[in-house]
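Below is a structure I'd like to ask you about.
The values are calculated or read from the model by the stated rules, or taken from the named source; none is laboratory data. All figures in this text were calculated on a predicted structure; none of them were measured in a lab. Here the Cβ positions follow ideal geometry from the backbone for every residue, glycine too, while neighbour counts run over all protein chains shown.
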Amino acid sequence: MTKTTEKKRDVVILFAGDSGDGMQLTGSLFSNTSAEYGNDISTFPNFPAEIRAPQGTVAGVSGFKLQFASVDIFTAGDEVDVLVSMNAAALKANLSQLKRGGTIIANTSGFDKKNLRLAKYGDAESPLLDDSLEEYRVIEIDISKMTKEALVDSGLGAKEIERCKNMFVLGFLYWMYNRKLENTEVFIKNKFAKKQQIMDANIKALKAGYYFGDTNETFTSRYEVESASLPEGEYRSIMGNQATALGLIVAAKKAGLDLFYGSYPITPASDILHELARHKNYGVKTFQAEDEIAAVCASIGASFGGAFGVTASSGPGIALKAEAIGLAIMFELPLLVINVQRGGPSTGLPTKTEQSDLMQAIYGRNGEAPMVVIAPHSPSDCFDTIIEAARISIEHMVPVMFLSDGYIANGSEPWKFPSADDIAAIKPKWADSEKSMTDRGYLPYKRDEKLVREWAIPGMKELQHRIGGLEKDDETGNVSYDPENHEKMVKIRQQKVDIVADFVPEMEIEQGEDSGKLLVLGWGSTYGAIMTAVRELIAEGKPVSHAHIRYLNPFPKNLGDVLDRFDKVLIPEINDRQLVHIINSKFLKGALPLSKIQGMPITSKEIREKILETLNES
Amino acid sequence: MTKNPEDYTSKDLATDQDVRWCPGCGDYSILKQMQGTLAEAGVAVEDTVFVSGIGCSSRFPYYMNTYGIHSIHGRATAMASGLKAARQDLSVWVITGDGDSLSIGGNHLIHLLRRNFDVNVVLFNNEIYGLTKGQYSPTSPKGQVTKSTPMGSLDHPFNPGALVMGAGSTFVARSMDRDPKHMREILKAASDHKGTSFIEVYQNCHVFNDGAFGVYTDKDSKAMTTIFLKDGEPLVFAGEEKGIRLNGMKPELVSLSDYSKEDLWIHDSSDRYKALMLTEFFDDQSKEDALPRPFGIIYQEDRFRYEEAMQDQIDKAVEVKGEGDLDALIRGGHTWSV
């Protein structure tokens, strides 16, 4: 029988199942295949904090959302077109995200009495059997059984066969969206190179899923999402934490420094440590310290020795590091502190995203302890932004905080990667045994016009000096309790941060007019959702513009002017109005909040609605 | 003019900063012996770094004409770990106190020791918090009356030697501020040791805890309460009138009128089991038959250093994969063209 193909501009798929069902891998493989096909893609993994949460329960559901499109996109999408539900709990946890008229692919063996009970469906009544899913298109497949049948001769045990069912689903979706299997086959062959049986079984399950779609007469229509017209060039897929790690290695090399990375395991920052540890042949030194405090202190010690000291954590760990960061501010040494934010306070929501450490980054230390704060806005942007953070830290001899978050860290997108030659050199301001000497001896806190002191490291003759956390005398760096000197030094440390604004780009409008009724001002991971919403509304003729702050402390010099050119400013944030407070106290602007504090990204739909509401009010 | 390390005198190790410890503080003696030791060590001042935490002893780096870090409370050991990992070539010393390293910094101390970074830790033990004006410390004896314990301290004190042996220390020694010659010997041995050296120095705080170690340092009691360890020699003390012998698994206090030196415990600093036992010579000296307190090198072993192993892995990675190429790193494994 004839099968038709329908063209789509963009599709959002959500793979959902138990944490052990392999949904993260399935989603990544579909993304890679689509990216290679030429679609623009954006992904959003969403998983529980427990490694193996109770099987079959809603708490244990792991999801991987991805959007692929024939146009450029900035988020993993709001509403879902296709929801893959490996069990009843996966459906229950995610149904609210499914578009009306959307497709549910349900693994029927995941809807048996036990699974229904665990998912807390009333009276173990299957939603597949009543009329509760009337407004959706439901495709029921007994994926577990089909996989079992396909692999009956594989020689594998029941448990191992069960593990291949994600490949069956993947194969089926490849059929549905007209995708080739090669990319995934290559992946499977590499991954299981030493386990022939498992390799064969996974490939067989993948093909079985594909052929099932092809030959089963129930499925008559397939979809086609054509390749996007992305700028020409060579691409790879990149995740935020990975881009951060690569950027660190590149930055250290560009500065001619050894990279020292002190870190303590914490979600969602640990992947940076994992990635760096793989690249020891770049001279990278990774140090898994005994705790967060040791991690930052070891990095400060390394910087004192002339390496590029970097430490990373998430909010709770950053709180523990705060005292040592204050010390690095007194030392005026390079130190890069990465905060991959997650839901707080306290342990909060370890695997969920939030932007609630902005105030902590800017203000969260004892005494007057200003530091530079900078935030990436997408997975691939982590690469450029971390290099920029490194440049500021090394060239200005100041600690810098890099504020990523769980959404960016685990999300992925295609990346038109640069050539290493195109990345500018970073220039440390080294002291020199002869040139740095004065008639008053060596003055470790003598500064240039940027207020930057020289970096004198052990091994440099005649430049021995002692630095510490006690207030220091200007220039000599000796301990000083002089009242006026203290005030002077406090102001100098502030000016050192302020002056950075002279060396970073001015604020630009991302899209829309340079002035007008409404500016949507974002920072960090809300970028994609704001871009999507504002683009749509501009196309509809609405007077709205978008600007995104990368430099959060100090702000770009022209930020006040930009804000003044708009009647209203709307700030979407995944926190309780933190940037709103800072902007309003600094510029007296009356900026309006759009806060969402649910451990989830703000959707473009939510932003769109808020923009329309704000425009209608005026 | 830069001097050759061979020509250093103590003065070359001193800075122009006024030393600000209380007059009569035991720290002066340690500073003097340290400057003397380093003048003879043959290491350039620019290749030496002193790292400290917070407390009276932690002012030490300001008085040494080397590179120095006066860090934050308890963290000197962590800071020194990073410094040594980044710079194997440096001679790194950590100066700390009983509060700094055994209370707030306890965690970092034990981890430094197990990793065995080639760092020398000198713990000034005065059994009191001096800089904060007299609270009991983790080494104060139970029942000690201080400002924060008017009815006596309830904490069972740490036995620092046993603690660091448990943490895998590769060099454990004890000395005292009142015996400069002995201290000099121990500092020299620590400086020569490859790996983390841990030296506990009994140091008198005559303002807040005067005479805490008087029983070990005063002329009239010292002979009866201390035993100075020397490799290959028997454990004798009290003017060679008394000694320690091993009676099965137990140390036994004996009189040399009943036993000969050949019957005694012969010190062997490479013997871990004996060292563990020696650190348990921790009796209150007012107790009858108290074992004397050992001074000298209790334990020493040669074990791999973290920073060297870390560099070995890097060298190995370069050997196997080749020197990292930035473009290859950025491209990753899989790319496609548009």
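Please count how many residues of region A:413-424 are away from chain B (no Cβ under 12 Å) and either in contact with a Gly (Cβ under 8 Å, 6 or more places away or on another chain) or under 20 Å from A:Ile41 (Cβ atoms) (or both). Talk me through it step by step, then tell me what you get.
Within region A:413-424, the first condition is being away from chain B (no Cβ under 12 Å), and the residues that meet it are A:413, A:424.
Checking which are either in contact with a Gly (Cβ under 8 Å, 6 or more places away or on another chain) or under 20 Å from A:Ile41 (Cβ atoms) (or both) leaves us with A:413.
Of the residues in that region, 1 qualify.
I've got another one for you. Take region A:429-456 and flag every residue that is buried (at least 18 other Cβ atoms within 10 Å of the Cβ) and more than 28 Å from A:Ala501 (Cβ to Cβ).
A:Tyr442
Taking the residues in region A:307-326 that are part of a strand (DSSP E or B) and within 13 Å of another protein chain (Cβ to nearest Cβ) as candidates, determine which candidate is farthest from A:Pro370 (Cα to Cα).
Let us first name the residues in region A:307-326 that are part of a strand (DSSP E or B), namely A:308-313.
Filter once more, keeping what is within 13 Å of another protein chain (Cβ to nearest Cβ): A:308-311.
On the way: A:Phe308: 20, A:Gly309: 19, A:Val310: 18, A:Thr311: 18 Å.
Checking each candidate, the answer is A:Phe308.
A further question on this structure: Are any residues in region A:154-164 loosely packed, with under 10 Cβ neighbours inside 10 Å and either closer than 17 Å to A:Lys207 by Cα or among the charged types (D, E, K, R) (or both), and if so, which ones?
Of region A:154-164, the ones loosely packed, with under 10 Cβ neighbours inside 10 Å are A:157-159.
Answer for region A:154-164, where residues must be loosely packed, with under 10 Cβ neighbours inside 10 Å and either closer than 17 Å to A:Lys207 by Cα or among the charged types (D, E, K, R) (or both): just A:Lys159.
Is it true that some residue in region A:385-402 is within 12 Å of another protein chain (Cβ to nearest Cβ), in contact (Cβ under 8 Å) with a residue 24 or more places away in the chain, over 30 Å from A:Pro48 (Cα atoms) and out of contact with any Cys (no Cβ under 9 Å at 6 or more places or on another chain)? Spell out how you get there, then give the answer.
Going residue by residue through region A:385-402, those that are within 12 Å of another protein chain (Cβ to nearest Cβ) are A:387.
Imposing the further condition that a residue be in contact (Cβ under 8 Å) with a residue 24 or more places away in the chain reduces the set to A:387.
Narrowing further to those that are over 30 Å from A:Pro48 (Cα atoms): A:387.
Imposing the further condition that a residue be out of contact with any Cys (no Cβ under 9 Å at 6 or more places or on another chain) reduces the set to A:387.
Scanning region A:385-402 turns up at least one residue that is within 12 Å of another protein chain (Cβ to nearest Cβ), in contact (Cβ under 8 Å) with a residue 24 or more places away in the chain, over 30 Å from A:Pro48 (Cα atoms) and out of contact with any Cys (no Cβ under 9 Å at 6 or more places or on another chain).
In contact (Cβ under 8 Å) with a residue 60 or more places away in the chain, surrounded by 15 or more Cβ atoms within 10 Å (Cβ to Cβ) and at the interface with chain A (Cβ under 10 Å from one of its Cβ atoms): which single residue out of B:Ile69, B:Ile54, B:Ile30 fits that description?
Working: B:Ile69 fails: in contact (Cβ under 8 Å) with a residue 60 or more places away in the chain; B:Ile30 fails: at the interface with chain A (Cβ under 10 Å from one of its Cβ atoms).
Only one candidate qualifies: B:Ile54.
State all residues of region A:93-117 that are among the small types (Gly, Ala, Ser), in a helix (DSSP H, G or I) and over 28 Å from the mean Cα position of the chain (by Cα); if no residue qualifies, say none. Spell out how you get there, then give the answer.
First, the residues of region A:93-117 that are among the small types (Gly, Ala, Ser): A:93, A:96, A:101-102, A:106, A:109-110.
Still in the list and also in a helix (DSSP H, G or I): A:93, A:96, A:109-110.
The answer is A:Ser109, A:Gly110.
Looking at (1) in the same structural domain as B:Ile199 (by TED's automatic domain parsing); (2) of a type outside the set (Gly, Ala, Ser); (3) out of contact with any Asp or Glu (no Cβ under 9 Å at 6 or more places or on another chain); (4) outside any loop (DSSP other than H, G, I, E, B), which one does B:Glu252 not meet, given that it meets all the others?
Against the list (1) in the same structural domain as B:Ile199 (by TED's automatic domain parsing); (2) of a type outside the set (Gly, Ala, Ser); (3) out of contact with any Asp or Glu (no Cβ under 9 Å at 6 or more places or on another chain); (4) outside any loop (DSSP other than H, G, I, E, B), B:Glu252 comes up short only on (1).
Shifting gears a bit: It is to be established whether one or more residues within region A:333-345 are within 14 Å of another protein chain (Cβ to nearest Cβ) and either surrounded by fewer than 24 Cβ atoms within 10 Å (Cβ to Cβ) or farther than 25 Å from A:Ala289 by Cα (or both).
No, there is no match, as no residue in region A:333-345 is within 14 Å of another protein chain (Cβ to nearest Cβ) and either surrounded by fewer than 24 Cβ atoms within 10 Å (Cβ to Cβ) or farther than 25 Å from A:Ala289 by Cα (or both).
Something else now. Given the condition part of a helix (DSSP H, G or I), surrounded by fewer than 24 Cβ atoms within 10 Å (Cβ to Cβ) and either at pLDDT 95 or above or not charged (D, E, K, R) (or both), answer yes or no: does some residue in region A:299-306 qualify?
Step one: list which residues in region A:299-306 are part of a helix (DSSP H, G or I), which gives A:299-304.
Narrowing the set further to residues that are surrounded by fewer than 24 Cβ atoms within 10 Å (Cβ to Cβ) leaves none.
Within region A:299-306 (the criterion being part of a helix (DSSP H, G or I), surrounded by fewer than 24 Cβ atoms within 10 Å (Cβ to Cβ) and either at pLDDT 95 or above or not charged (D, E, K, R) (or both)), the answer is no, since none of the residues qualifies.
So, one more: Do we find that B:Ser10 is at pLDDT 95 or above and over 18 Å from the mean Cα position of the chain (by Cα) in this structure?
Taking the combined requirement at face value, the residue satisfies it.
A:Ile329: within 13 Å of chain B (Cβ to nearest Cβ), farther than 22 Å from A:Gly344 by Cβ and assigned to a strand (DSSP E or B), yes or no?
Details: within 13 Å of chain B (Cβ to nearest Cβ): yes; farther than 22 Å from A:Gly344 by Cβ: yes; assigned to a strand (DSSP E or B): no.
No, not satisfied.
Here's something else I'd like to know. Give the number of residues within region A:151-202 that are among the aliphatic types (A, V, I, L, M), in contact with a helix residue (DSSP H, G or I) (Cβ under 8 Å, 6 or more places away or on another chain) and outside any loop (DSSP other than H, G, I, E, B). First the steps, then the outcome.
Narrowing region A:151-202 to residues among the aliphatic types (A, V, I, L, M): A:151-152, A:156, A:158, A:161, A:167, A:169-170, A:173, A:176, A:181, A:186, A:188, A:193, A:198-199, A:201.
Filter again for in contact with a helix residue (DSSP H, G or I) (Cβ under 8 Å, 6 or more places away or on another chain), leaving A:151, A:156, A:158, A:161, A:167, A:169-170, A:173, A:176, A:181, A:188, A:193, A:198-199, A:201.
After this cut, where a residue has to be outside any loop (DSSP other than H, G, I, E, B) as well, the list is A:158, A:161, A:167, A:169-170, A:173, A:176, A:188, A:198-199, A:201.
Residues in region A:151-202 being among the aliphatic types (A, V, I, L, M), in contact with a helix residue (DSSP H, G or I) (Cβ under 8 Å, 6 or more places away or on another chain) and outside any loop (DSSP other than H, G, I, E, B): 11 in total.
Which one of the conditions (1) farther than 25 Å from A:Lys416 by Cβ; (2) away from chain B (no Cβ under 14 Å); (3) touching a helix residue (DSSP H, G or I) at 6+ places or on another chain (Cβ under 8 Å) does A:Thr218 fail to meet, given that it meets all the rest?
Checking A:Thr218 against (1) farther than 25 Å from A:Lys416 by Cβ; (2) away from chain B (no Cβ under 14 Å); (3) touching a helix residue (DSSP H, G or I) at 6+ places or on another chain (Cβ under 8 Å), the one that fails is (3).
Same structure again: Test B:Ala85 against the criterion of being assigned by TED's automatic domain parsing to the domain that holds B:Trp21, in contact with a helix residue (DSSP H, G or I) (Cβ under 9 Å, 6 or more places away or on another chain) and buried (at least 24 other Cβ atoms within 10 Å of the Cβ), and give yes or no.
Values: assigned by TED's automatic domain parsing to the domain that holds B:Trp21: yes; in contact with a helix residue (DSSP H, G or I) (Cβ under 9 Å, 6 or more places away or on another chain): yes; buried (at least 24 other Cβ atoms within 10 Å of the Cβ): yes.
Here the answer is yes, as B:Ala85 does meet what is asked.
So, one more: Could you please let me know if A:Ala76 is in a loop (DSSP other than H, G, I, E, B), in contact with a Pro (Cβ under 7 Å, 6 or more places away or on another chain) and touching a residue at least 60 places away in the same chain (Cβ under 8 Å)? Reasoning before the result, please.
Numbers: in a loop (DSSP other than H, G, I, E, B): yes; in contact with a Pro (Cβ under 7 Å, 6 or more places away or on another chain): no; touching a residue at least 60 places away in the same chain (Cβ under 8 Å): yes.
In short, no.
Sort out which residues of region B:307-335 are more than 7 Å from chain A (Cβ to nearest Cβ), at pLDDT 95 or above and not in a helix (DSSP H, G or I), and write them in order of number. Even if it seems obvious, please write down each step before you answer.
Taking region B:307-335 and keeping what is more than 7 Å from chain A (Cβ to nearest Cβ), we get B:307-309, B:311-312, B:315-316, B:319-320, B:325, B:328, B:333.
Now narrow it down to the ones that are at pLDDT 95 or above: B:307-309, B:311-312, B:315-316, B:319-320, B:325, B:328.
If the condition is that a residue be more than 7 Å from chain A (Cβ to nearest Cβ), at pLDDT 95 or above and not in a helix (DSSP H, G or I), then B:Asp325 is the only one that fits.
Turning to a different aspect of this structure: What about A:Ala208, is it of a type outside the set (S, T, N, Q), over 24 Å from the mean Cα position of the chain (by Cα) and within 7 Å of another protein chain (Cβ to nearest Cβ)?
Working: of a type outside the set (S, T, N, Q): yes; over 24 Å from the mean Cα position of the chain (by Cα): yes; within 7 Å of another protein chain (Cβ to nearest Cβ): no.
For A:Ala208, the condition - of a type outside the set (S, T, N, Q), over 24 Å from the mean Cα position of the chain (by Cα) and within 7 Å of another protein chain (Cβ to nearest Cβ) - is not met.
Still on this model: Tell me which strands (runs of 3 or more DSSP E) are completely within region A:1-61 and hold 3 or more residues being among the aliphatic types (A, V, I, L, M) and at pLDDT 90 or above, or say none if there are none. Outline the logic, then answer.
Numbers: elements: A:4-8, A:10-18, A:40-46.
Those strands (runs of 3 or more DSSP E) span A:10-18.
Taking the options A:Val497, A:Val534, name whichever one is under 28 Å from A:Arg391 (Cβ atoms), surrounded by 14 or more Cβ atoms within 10 Å (Cβ to Cβ) and either among the acidic types (Asp, Glu) or at pLDDT 95 or above (or both). Before the answer, list the steps.
On the way: A:Val534 fails: under 28 Å from A:Arg391 (Cβ atoms).
Exactly one of A:Val497, A:Val534 is under 28 Å from A:Arg391 (Cβ atoms), surrounded by 14 or more Cβ atoms within 10 Å (Cβ to Cβ) and either among the acidic types (Asp, Glu) or at pLDDT 95 or above (or both), namely A:Val497.
Something else now. Could you please give the count of residues in region A:109-136 that are surrounded by fewer than 18 Cβ atoms within 10 Å (Cβ to Cβ) and within 29 Å of A:Ile203 (Cβ to Cβ)?
Total satisfying the criteria: 1.
Given the structure, is B:Leu276 assigned to a helix (DSSP H, G or I) and surrounded by 13 or more Cβ atoms within 10 Å (Cβ to Cβ)? Spell out the reasoning first.
Values: assigned to a helix (DSSP H, G or I): yes; surrounded by 13 or more Cβ atoms within 10 Å (Cβ to Cβ): yes.
Yes, satisfied.
If you go through region A:236-295, how many residues are in a helix (DSSP H, G or I), within 11 Å of chain B (Cβ to nearest Cβ) and either within 22 Å of B:Thr77 (Cα to Cα) or more than 21 Å from the chain's Cα centre (by Cα) (or both)?
Final tally of qualifying residues: 10.
Moving to a separate point now. Which residues, taken from region A:23-71, are of a type in the set (A, V, I, L, M) and free of Cβ contacts under 8 Å to residues at least 40 places away in the same chain?
Restricting attention to region A:23-71, the residues satisfying the condition of being of a type in the set (A, V, I, L, M) are A:23, A:25, A:29, A:35, A:41, A:49, A:51, A:53, A:58-59, A:61, A:66, A:69, A:71.
Passing the criteria: A:Ile51, A:Ala53, A:Ala59.
Of the conditions (1) more than 14 Å from chain A (Cβ to nearest Cβ); (2) free of Cβ contacts under 8 Å to residues at least 60 places away in the same chain, B:Phe60 clears all except one; give me its number.
Of (1) more than 14 Å from chain A (Cβ to nearest Cβ); (2) free of Cβ contacts under 8 Å to residues at least 60 places away in the same chain, only one is false for B:Phe60: (1).
Identify, from the list A:Arg466, A:Arg440, the residue that is out of contact with any Phe, Trp or Tyr (no Cβ under 8 Å at 6 or more places or on another chain) and of a type outside the set (Ser, Thr, Tyr).
Values: A:Arg466 fails: out of contact with any Phe, Trp or Tyr (no Cβ under 8 Å at 6 or more places or on another chain).
Just a single option satisfies the conditions, and that option is A:Arg440.
Of the conditions (1) without any contact (Cβ under 8 Å) to a residue 40 or more places away in the chain; (2) more than 11 Å from every other protein chain (Cβ to nearest Cβ); (3) over 22 Å from A:Gly348 (Cα atoms), A:Val225 clears all except one; give me its number.
All conditions are met except number (1).
With respect to the numbered conditions (1) more than 25 Å from A:Tyr264 (Cα to Cα); (2) outside any loop (DSSP other than H, G, I, E, B), which one is the sole condition not fulfilled by B:Val121?
(1)
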